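*Asks:* Below: one structure in structure tokens.
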Amino acid sequence: MDFTTSEDQIVQQLRREQVAKWTQLAQQADCSTKTVQRALAKVGYFNSINYNATFVTLQDVPQFDRHGLWTYHGVRFSRLGNLPETVRRIVEQAPAGCTVQELEELVGTRVHNHVSRLLREGKLDRFFPGRNVVYLAAGPRRRNAQQQVRREAEPQPIPTVCEKDLPAGLDAVTVIQVLVRLLERPEDSVASLARTLQARQLAVRADQIRQILDFYGLKKTTR
């Protein structure tokens, strides 16, 4: 392949440095960035997917990991060459999909605008298993599999009960067990309910069961 003296200088300079800014190469070769682009186009190159694509490396330099990414002093490059397609591929390959935070940790830059556009274009999907949005593959089979893995991996939130929602002096566990027993045996008297629950090692009295009924506005004909 034929190179001008200037082009050869640019390629050799980048090979020595491994990663450099476009503007830096242009200044070193005393030429325009367009001349740098023409020189590197002859051998192939990758733009960085972070730092607004201001960094460049030669095509044969990166040693990509399983995500198709290579990092050099914080500058990240992708085998796919651009950020949107990289984000899409990472999401599709992730067993449980990805949150924005997980994606940004991998690619080293903000991705919110990119995932939003991929959603609008139908190239990604999403669901809401908890506080964070999880982005998924668009294909239904892969999407469903990712949802299942994410649900199994996500810790289940522990329900909380505010004290004002409970009768005075009674804890949530006692109230719940009383209400469950009421659903199971609505025909039992309050005294019978108390004896049954006491036999199950729940310290609750008949008057406390009446207190629960009154608190929640529940009516029971047999008292």
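The values are calculated or read from the model by the stated rules, or taken from the named source; none is laboratory data. Predicted model, so just to flag it, every value in this text is computed and none were measured. Cβ coordinates were reconstructed from backbone atoms using ideal geometry, including for glycine residues, and neighbour counts include every protein chain displayed. Note: accessible area is taken over every heavy atom of the protein model, side chains too, but ligands, DNA and RNA are not part of it. Shrake-Rupley method; radii C 1.70, N 1.55, O 1.52, S 1.80 Å.
*Asks:* Would you mind pulling out the separation of the Cα centroids of region 179-198 and region 47-61, in Å?
*Replies:* Here the answer is 71 Å between Cα centres.
*Asks:* Determine the order of Cys31, Cys98 by accessible area, beginning with the largest, at a probe radius of 1.4 Å.
*Replies:* Values: Cys31 35, Cys98 5 Å².
From most accessible down to least: Cys31, Cys98.
*Asks:* Sticking with this one: Points 7 angstrom from Cα along the Cβ direction at Leu218 and Arg79: gap in nanometres?
*Replies:* So the label points at Leu218 and Arg79 sit 6.0 nm apart.
*Asks:* Compute, for the chain, the length of the dipole vector about the Cα centre, with Cβ point charges of +1 (Lys, Arg) and -1 (Asp, Glu) only. Units Debye, rounded to 20. Mind dumping the intermediate values first?
*Replies:* Details: 32 positive and 24 negative charges, 143 e Å.
Value, rounded to 20: 680 debye.
*Asks:* Taking DSSP loops as anything outside H, G, I, E and B, show the longest stretch in the chain free of chymotrypsin sites (Phe, Trp or Tyr not before Pro) there with at most 16 other beta carbons within 10 Å.
*Replies:* Numbers: sites that count: Phe3, Phe64, Tyr216.
With a cap of 16 other Cβ atoms within 10 Å, the longest stretch comes to 65-215.
*Asks:* Per residue, how much accessible area does region 1-99 show when a 1.4 Å probe rolls over the protein heavy atoms, in square angstrom? Present the calculation step by step, with values, prior to reporting the outcome.
*Replies:* Values: 5340 Å² over 99 residues.
It amounts to 54 Å² per residue over region 1-99.
*Asks:* Can you compute the FRET efficiency between Gln177 and Gln148 using 1/(1 + (r/R0)^6), with r the Cβ-Cβ distance and R0 = 30 Å? Round to the nearest 0.05.
*Replies:* Details: r = 32 Å, r/R0 = 1.08.
For Gln177 and Gln148, the calculated efficiency is 0.40.
*Asks:* With the cut-off at 1.5 for a/c, could you classify the chain from its C-alpha gyration tensor as rounded, prolate or oblate? Mind showing how you got there, number by number?
*Replies:* On the way: a/c = 5.17, a/b = 4.31, b/c = 1.20.
Prolate is the answer for the chain, as a/c is 1.5 or above and a/b outweighs b/c.
*Asks:* Okay, next question. If you average the sequence gap of Cα pairs under 8 Å that are 6 or more apart and divide by the length of the chain, what percent do you get for the contact order? Write down the numbers at each step before the final one.
*Replies:* Numbers: 255 pairs, mean separation 24.7, N = 223.
So the answer I get is 11 percent.
*Asks:* Same structure, new question: Could you pull out every residue, at least 5 positions away or on a different chain, whose amide H is within less than 5 Å of the one on Arg126? Hs are placed 1.01 Å off N in the peptide plane, and Pro or chain starts have none.
*Replies:* Leu136
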